[in-house]
Structures are given as structure tokens and as C-alpha cells.
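Notes follow the structure.
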Amino acid sequence: MFPEVMRSKPPGGNKHCLSLLEGTAGLASLIPSCFAELEPRQGMNSPPPNAVWHQQVLKCYRKTLRSLLKRLLRLPGVEVQANWAGALEGMVHDVVDVVVATALGTVLSTLRAYEGDVVGEPPRGAKHHSFLEDPTVVLTGWIRQYPWDMPIADTVQRLGGWPYAVLSAVAFAGVDYLAIISVEAERPAPGGSRPTRELAGQGIGCIASGMAGSAPVGGSLTRSMLAGMIGASSPLMGLVCGFATMGLAFPQVSKLLQMTPKAVLSSTVIAAVLPAVVTPKDLLRLSGPDALAGWATAAATCTTDPTKGFGIGLVVYTALFPVRRLFPKKSPCKPRSSLWCQKQLDKHAMKIDAAHKAVELVVKKWLLGDTAGLKNQVYHVWSKWSLRKAESEKKLNAVHMSLAKWARGDAKGVMQTVFLNWKQDAMAAASERSKEEALLREQQKLDEYMAAERERYESELAKHKSEEPQVDKFFYRQAYAAARSDYYLRRAYAFKDDADTCLQFLEVAVEISPENSSVVSRAQTMPCKFQELLLPPASTDELAIGPVRRWAEHPWPRCTAPADAKVVPLFGTPLGFLHISELGLRDWQKTLQLFGTLAMKKFTEVQRKNREAFVHVNNHFFQHQETNPAIAMDSPDSWPELYSSQEYKEWAESSIAICSSFLDKMGVPLTKEEREEMEVVTWAAVYPTMKAEDPVTHYYHAHQESIVSFVLYAKMPEPTTPLTISDPRGAPPIEDFEWFQDKGDMGVDGEPPFHRPAAFYAEEGDILIFPSFAIHKVPPHIGRGTRVVFPSNCHLPKRRRKLSGKHKGSESPLDGWERIAKPQAPVARPEAVPNYAAHATAALDLAEVLQDPYMKMWEVQNQVVAMLQFGVSDASAWLAAGNISARVAVILDMRGEGQYYLDAALMFARAILLDASVRPQVEQSLKDLIPQKVPKKYKAAFNALKHWRKLILSWGDTPPEIEMTQFLHPELNGADRCSRMCPEHKEPSLRTLRLLRVFSTQVYVLQTRQVKEVEEAVAELLEADVPGASIVSSPALVHAKALSQGPWLENRSASMMAVLCDASASVSFADPRGKWNRQWSGSVPVKGELLAQEPKAPFHWHTEVRCEEGEAILFPAWLGFKLSGTEAVRPYSFAALRGGAPLRSRAPRPPPLCTGGAEDPGVVPRADEL
């Protein structure tokens, strides 16, 4: 009745609760019916004999358990797959039997007061804090011993030494691995398994088990196999198993087992494994060599230990392996046995084969990786299938032959079979011939088409060659000039609110393309009202130089100078010239031929793989090269034809001599270490014939961190495409010229009046050498053929230094540009230190927000050099430099470009050595460098900075005094203070190197102090550019600010300035190559009073020109100057007028090159200079 009542639906009843109560009621009603099945003659009050009673009780017990399991599986929410219900039922019987037996044994031993060994309480270690007292107990509370604290040596000794210990570990891993393979072969996982991952997980489990004080993990894929059987594919099963295992370790659960006798556990284990030991079915099934190996392993294991037994088994199996090959296993079925027996054997063989293939696949995936292992296995399976397929076709043909013989007789059957095979082969051959004929016809059509195209191409090429002068003129006198004019028209519009500057840009645009009506009409529509050119067009818009071996034929222009005036050229940019035949190579012509051929071949390969615009292909080509010659020759695999050649080795050895000779020729100092360890970077650059839609060019750029650059011209087709070098007075080298890369070839150009570049027209074998700060480019290439050059850069070596412990890093040479830019008589300005500190800080602020701050970082480092060279004895300058250099090091470290914290550390040390009282400021600066909230991408860099901060703070008031190697300065590493940085001056090893200084600024010393005579001298200077110009002079307003401590002065409304000396005096001139251009993209914004007051470093040095009583110094009005005093000098400005319009800085035109100055011996061409 109870079940009947429960079937009625309760008010608001729960189906889950109803099903559970129903199952319980069913179980209760099942037990009496179970016992009612006993023998009727025995009844409940008369128990049967023991054997029958035990059998009936066990049967009733299992029937009840089976019914309970079925009812549980029908509970709502329990999803069960039908294919594993039976297996699970059997497994549950065995599991429940073990649990019941253990529980009964425990209860009986408790009732009988058992005094033997029991499981007891789990071992306890030191008292642990609760989670509330110490939250880390969750992570570390289970650890009893870390791996480095474990008695590994004692364990090894207990095992019998390292050989036995290693053998034991290998045996343990081998047994587990075989278990994994066996489970995988028996029941592959649905998604496949990875033995590597399983073994790695098992290894991690063993390590964790050892740390917790437990036994090694000895499991395999048994749980995975069980999961596959019951359909548990979710990771939830692993999580549940893990939590269940952890639950057994809780004290509340372990208390249930502490009274269990160890004898009960032992008997349970013995009962489980004894049948397999007494009757080893797997061993009894074996026969032949397998049986011998199996019984030998079992015997060795029983008599010695599992490790030795495993090793002996492997040896015996290996020794018997040839016997297995000689005596293969025979089929147990007799020749005339039943067909059923043979089918069973076939099925068994198929299972074994499938297991072997699964094991083989798993092993290969483990050894070769998933992809390679799978490919290898697929290939072997395919090859076996192909052989079986061929064998099957052979048997099929044999059957056909037999049938034909049986049907038609032997002779006719053979003839029919041969004829049919011949017919099939003939039809296949005819099909192949038809395809070949079609292919030949298509090939003939293609050849005819290519011949027609080749004829058309040769015709157009001949036509192009006949029109060569017009094409050359078009590109370089019209199209390219029009592109330059367009740039200056755009610049003029940017200054539409500044009428004079706007007109100056428009005049340059029209001057470059005077015959282009479109340029003139656009200029006339500009807001600044252009009418006509104030100056006649210049004879040329560039300084053409070259080739090297025809210098004597070139008429060099002489400097225009007033009569009896002394010309003082200032701030020139040196260029060097060589020919490859002067380097002493074994065969320079072969070198050029090899370099040109290999470069074109390599470039063509890269171009085929990267069908993009030239600028992108050029970048890919650069990335395919090893630019360090030493590394390239040691590992020439990337380009063996070039890097393994003797010609490349000779060129690499000559490169150092080219750089050092150029520096020695100019008198630039180098240390012994720099000469021996100077680094060269060299690569090939290829410029194919230009297409109309894809200009082959290389935009304006400089080479940061280098000191000297040079180019070898390997192939130079006609018409020659030059290398253009911009006037640094109009294109300041320290600016970021890559800012304009996306605007194409005409993204930037020199500011007027410095818009005339120098263009080097080379021949094959020429070598052009120039300072790395020189802004240069390759205009669009129009030569009839491929232009091949080999550029190179020379770097001062970076120096590694170790201060203490982990504190080591690189010291960057920061004065590569500065050494060449420094004038012959440099003068320092300590009062300019705050200006350069402000410039460095502003540039660093801009660099931190740029996606690619490389150029700005170089600008920052040059300003730091200027700070320290001017404030070499100023502790505050070193403090500010250390602060800035630390920020630079963080950015470079974040970008993965090296760790340069050492620079900042040495600067902080220098500040404390100069003035110990700044140490609190150093500590505060180091504290302020690291923000409270560090961005994720800067985390590693700021952690490194913290280590350096600890080192600097540990110095206290006595930091180490270490020689500075970042730059040269007589007070830091002069002749009596140096050990590593001792400068040397040597004669150039390449004595035929020619030197030419371009873009110099001319200053004139006149033998007069009369204003009228100075006016006549100015008119004489302007005669070439503006014949008949009128000159208006006026005293310049000079006050206290014009003294040497004040700002640099210039007069934009005048053409020339003159200083008339009534007594001995001097005039200081700022380097115009460091000028702050207005509205220059990517430039540091001018904010505050300190910026734009000093030339940008590395052009921070100024020079002085002496003026004696009765002399006058005449110079362009755009040149910044300072006076040593106002009492002994009278400054005047001279305005040139044409038709009443002021010419201002337009005249006189600054010449890119002129000769005749006597004050700078490097400017006057001697026998070895041009």
C-alpha cells in the first residue's frame, strides 16, 4: 500500500522527491521477497546448511544492489548511456563488495576488541594557522618539504647508488608509460590522447606528492578509460574526481578509516590480486618466446624486486627478438578445422593489428609531435595500402585469366585476356598522346605570343634609346622639378599668415620650375600675392659632383668675396671620395661584377615572393640579409654565394679602413679601443627600372647611432641616378625625417634659402663617404637597367661594464655625430645647460607617446651630451642627465632594445662625486622615477630600474669614480685622466682619399671700419645674384642681451650684418645646422622660455671669429651671433633692395660649394683634396 499511496501526486509535489521515495519503498519491498526465494523446506525458522545459506544471501544481496542501481539510474537529471550501463553495474558490484567487506571487518574488529595494527590517525605536522589567520595556508599549508630540502642523496644511497636509482626511475616511468599505451590501445579516447601531456601531468603529480609526503603517483589512463566507457567527455569529471580525492584527506573523513585494521586492507588486496597471481591468465596464454620472456620477468620480480625484474624482462625480450622473427607464431587452427575457428583467429588478428597501429601512432606522435607523427603514420599506411592494392589487382587479373581459360580453353582464353589488356593499354596510350599533342599546341601558341611580345619590347626599347636625351631632360628638368615645386607651394600655404615667409617659399617653387606655367599660376593664386621673382633664377638647382676619377676635369666654383677680404668658412659638412681600385683588392673588377650579379639575383628572388610596391620589397630584401660582416662570414647560410666569397671578405676588411681614414683626414679623435673594435654594418640595395605607378626611390633619412656612412656603387646604368644630400642648414639632421615617409619622395625638402642640395653622380666603383648625420636620399631611379649599391655604416663600439653582482649593462657612445659636427675651435656655454635640459625633457615627453620613438630617443641623448659637455663640473647638470637617461633606459628596455640603466647610474654617481649635498635630490629623483601605478608594458622595465635604484642608494656619499665612456671631454677622459678613452690622432691609412667640405657658411673679415666701404662690399657680394641692387645700412639695436650671456641674435629683415671693431673683440656664431625650423612636422613643440633659444645638439658648439681694431666682420643676417662686448664694436644691418622690395635672406644666395677660403685648411683643395 505504501507504494500505492506515494504514487498520488502531492500538492505542489516535487518529481525528484517522488522518484526517490518510490525507489526507497521499492527497495524495502524487495528484501522480503528476496528471502522468500529460499528453499520452502527450510523456511525462515530453520536455517539451511552453511554453503547454501551463504549462496542465497549473496544472491539476495546482489539482486537488491542491482535493483537499487537501476532505480538510481532512472532518477531525473541522471543521464546515462545505454552502452555502459551493464559495465557500470558490474564495476559497482566489485566496488561495493570491497567497501562492504572493509566495513564489516572494521565493525567486527571493534566489537571483538582487536589489538593489532590499525590505520590510525593521519600523520600531523606542525600546527598550521587557520585560513582567517593566514590566507596563504590554502596554497602552502599542504607542503611538508620542498624539493631542494628533500634527502635525495640518502634516497639514492638507500636504492644502491645512482645507477640503481636511475634504473628504478626509468622502470617506474616505463611501467606507467606501458600502462598508458595499453589503455589507449584497448579503448582510444574520443578526441585522441597525448602521452606527452599525460606523462608530464603524472610527473607534476609525483613532485607534488613528494612535497606533501605521499607516495609517488602510479596511475595511468584508467580514469580516462572509465570516462570513455560512461561517456563523460566534460572536464567536470576530472574536477569531481579531484575534489573526491581531496575529500578523503579531510580529518572528518579520515576518522572513519582510522579504526580499520591493516589486516583487513591487506586481505582485501590479496583477495583482489590472488586469483591473478595463482592463475595468471595472461601468462598462460603466451607461447614460444613471449612465454619465456613473460615467465622470466615474473620469476625475476618475485625473487628480486620489481625494478630488477623489469630490467631482466627487457633484456630477455630483446635477446629473444630475433627468435620471434625466425619462428613466427603458428595458427592454432588445424588445416581442416572449422571455418568458425579461422574467423575467430582473423578477428583476433585484426584486433591485435589495430592495437599495434594505435600504439605505433601514439609513439610516433610522442616522438615526432602530433602533426609530424600523424603524417608519418599516414604515409606508412598509404604505402601498405598501395602494395595490397597492387597485389589485389594482380590476383584479380589471375582470376580473369583462369576464368577465360576455363570458358574458352587455354589458348583462346590467353589470347582473349591478352587482347583485352592490350586494348585497355592502347586506349590509355591514345589518351596520353592526345593530351601531349594538346600540350604541344598550347606551348607553340605561347612561344609565338612570347616572340611577338619580345619583338614589340625590343622595338619600344630601341625607340626609348633614341629618345634618351628627351627622357632624361623630362625627368630631371621637368617632372622631378615640378614635384619639388609642388612641395614648396604646399609649404607656402602653411605660412599664408606670414607674408614674407610665404613669398619666399613661392619664389623657390617658381625658381625651380621657371618654365612650368602651372606652377606660376598656382603661386599667383596664393594668399600672399606672388607677382614675380625678386631674384633671377639660379643657373642650377643643385650642386652636381662626380664621378671620382674625373675630378680634374670639373671646374670648381670659387667663393665670391669682396676685394682684399679674408674668407672664413664655418660649419662645413665633409664629404670623402675614393675609388675601389685604390683599396688594394686582389681583383676589384671581379668584386664589382660579383656584387652586382648576386645582389640582382637575390633581389629578384625576394621580389617574386613579395609582389608588393618597391618600398616594401626593399624592406624585405634588407631583412633577408645579415648586415654584420663578421656574423655573415661565420654563418653564411642566408646568402652563401656572397658571404663565403673571398671578395666579400676583402671588402669587409677594407670597410674599417675607409671609416678610420675619413675620420683621420678630418682630425676627428678616436681611441685605441674604438679603432680596434669599430663595428661595420653593410648591406646591398637594388633599384630596378622604375615603373610609372611604382617609383623606385629611397626617401630622405639619416643614420642614427653611426659616425660615418659610405656607399660603394657596383652597377650604375645610364642615365645616372644620383645620391642627393640635403643642405643641413635647411634640413636639420636631428629632426625625425621618417615622420615624412608616408608622404612619398617629396614629403620633405630643405627650407629656403638652403634648398639647393648636393647630388653625387657616381660611376661604377666610386665610393662616397659622408657623416652619418647627413640627410640623403635616392631620387626616383630612371636608369636603363638596375642600380646596385652597397651602403655601410660605421658604429663606435658599445661597451659592456659590470658594477656589482647583477648590475651590468651597456654604455652607449652618444657623441658619434657630435665629433664630426664639432668645429675646429669649439667654445662651451655653461649658461645653456638649462636650455638643453628643457629640450631633452620635451623630446622625451614626445617620445613616450609615439608609436616608434627611436628617432626622438636619439635626439634626447644628443641633448644630454650637450648638457654634460657644457656643465661638466655642474652637479645639477649630471643629476638632470641621470634622471633623463633613466627614463630613456626604461623606454628602450620596454621596447626590447637593450638595458642602458648603467648610463644613468654613472651620471648619478658623477653628480654625487661633484657635490655630496645633492644625494637627497638623487634619492628623490630615483623615487619619483617609478610611478605608483606602473603600466603593464613597463612593468619589467621598472622592476629592473628598482634593482639599479638599490645599487645607487647603497653607494651613499662615496659612489665609485669610473671613467666616462659615453663621450669625449678633456676634463673627464683627457690625456691625464683616461685609461680606456685616450684619444689618438693618426695619418689616414688610405692616403688617396679626397676630402671636400660643402654647405659652409662664409664669414668675411674686411680691412675697414667705415660703413660706406662695408656697403660697397655688400653690393659686390650681391652683384652675381642681384645686379644693381641698392643697399641701405642702419645701426643695429644692440643692448645688454647681445652680450655673450644673452640669446643668439639674427636679423630677418636684413640681408647682411657687419660688426665694426674699434678695438680688439670677438664675435660668436651659432651653428646653423641646429636651427629650430618653424612648423616642422614631428619637431618638439616650442613651449616656455627655454626652448628654441639654443641650436639643437649635436650642433651645440659655437665658434668665434676675432676682430682687431680697424677691421669689420661681415656675415649673413640669418646667422645667429653674439658679441663679446658692446663698447668696442658697432653692429650694422644692411638691407638689399630691388625695385624697392627688400630681399631679406634671399640674397646673397648661400652657395652649396665654393673654394678659396684660407682659414680652414680642410676647405681649400690641395693635391689630395677637392
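For each pair in Lys822/Lys856; Lys986/Lys1096; Lys601/Lys856; Lys715/Lys856; Lys384/Lys405; Lys357/Lys389, compute the distance between the two Cα atoms and list the pairs where it is over 26 Å.
Values: Lys822/Lys856 21 Å; Lys986/Lys1096 30 Å; Lys601/Lys856 37 Å; Lys715/Lys856 35 Å; Lys384/Lys405 32 Å; Lys357/Lys389 19 Å.
Correct reply: Lys986/Lys1096; Lys601/Lys856; Lys715/Lys856; Lys384/Lys405.
Suppose R0 equals 41 Å. What FRET efficiency, 1/(1 + (r/R0)^6) with r the Cβ-Cβ distance, do Arg550 and Ser1081 give to the nearest 0.05? Could the numbers behind the result be given before it?
Numbers: r = 39 Å, r/R0 = 0.96.
Between Arg550 and Ser1081 the formula returns 0.55.
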Computed E for Ser989/Glu961 - FRET, C-beta separation, R0 56 angstrom, nearest 0.05: 0.95
Correct semi-axes for the stretch 612-678, from √(5λ) of the alpha-carbon gyration tensor and rounded to whole Å with the largest first, are 28, 17, 10
For the stretch 946-959, Karplus-derived ³J(HN,Hα) couplings (6.51, -1.76, 1.60; θ = phi - 60°; whole Hz; x for glycine and proline) come out as 4, 5, 5, 4, 4, 5, 5, 5, 5, 5, x, 8, 10, x
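So what are the stretch 548-795's ellipsoid semi-axes, whole angstrom, largest first, if each one is the square root of 5 times an eigenvalue of the alpha-carbon gyration tensor? Working shown, then result.
On the way: eigenvalues 173, 112, 66 Å².
The equivalent ellipsoid of the stretch 548-795 has semi-axes of 29, 24, 18 Å.
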Rounded to the nearest Å, what's the spacing between the alpha carbon centres of the stretch 421-435 and the stretch 651-680? Just the number, please. 74 Å
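Mind scanning Lys529/Lys1075; Lys649/Lys798; Lys743/Lys777; Lys351/Lys375 and naming the pairs with a C-alpha gap bigger than 20 Å? Please list the in-between numbers first.
Details: Lys529/Lys1075 28 Å; Lys649/Lys798 23 Å; Lys743/Lys777 14 Å; Lys351/Lys375 23 Å.
In this structure, Lys529/Lys1075; Lys649/Lys798; Lys351/Lys375 exceed 20 Å between Cα atoms.
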Projected label distance in nm at Ser1064 and Ala101, using a 7 Å step from Cα toward the beta-carbon: 11.9 nm
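Subtract the Cα-Cα distance of Thr689 and Arg285 from 0.36 nm times their separation in residues, and report this length gain in nm to one decimal.
On the way: separation 404, 0.36 × 404 = 145.44 nm, distance 8.06 nm.
Extra length available between Thr689 and Arg285 comes to 137.4 nm.
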Computed from the beta carbon distance with a Förster radius of 51 Å, FRET efficiency for Arg408 and Gln444 to the nearest 0.05 stands at 0.60
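Below 8 Å, C-alpha to C-alpha, sequence gap of six or more: please give me the relative contact order for the stretch 959-1104 in percent. Walk me through the numbers before you get to the answer.
Numbers: 89 pairs, mean separation 21.4, N = 146.
Contact order relative to length: 15 percent.
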Between the stretch 968-1030 and the stretch 535-614, what's the alpha-carbon centroid distance in Å? 23 Å
In sequence order, calculated HN-Hα J values of the stretch 875-885 (Karplus, 6.51, -1.76, 1.60; Hz; x Gly/Pro): 4, 5, 5, 5, 4, 5, 5, x, 5, 5, 5
Taking H as built 1.01 Å from N, whose amide H comes closer than 5 Å to the amide H of Ser645, not counting residues under 5 places away? none
Note, the stretch 438-450: 3J(HN,Hα) by Karplus (6.51, -1.76, 1.60, θ = phi - 60°), whole Hz, Gly/Pro = x, goes 4, 5, 5, 5, 5, 5, 5, 4, 5, 4, 4, 5, 5
Give the distance, in whole Å, between the Cα centre of the stretch 707-738 and the Cα centre of the stretch 753-773. 5 Å
Give me the distance in nm between label points sitting 7 Å out from Cα along the Cα-to-Cβ direction at Arg611 and Ile930, one decimal. 5.5 nm
For Leu543, list long-range residues whose amide hydrogen, built 1.01 Å from N in the peptide plane, is under 5 Å from its own amide hydrogen. Ala758, Ala759
Over the stretch 799-984: Kirkwood hydrodynamic radius from C-alpha pairwise inverse distances, Å: 16.8 Å
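Bear in mind these aren't lab numbers, they're just calculated from the coordinates by the rules spelled out. Computed from a prediction, not measured in an experiment: that's the story for all the values here. So basically every Cβ, Gly included, is an ideal-geometry build from the backbone, and we count neighbours across all protein chains shown.
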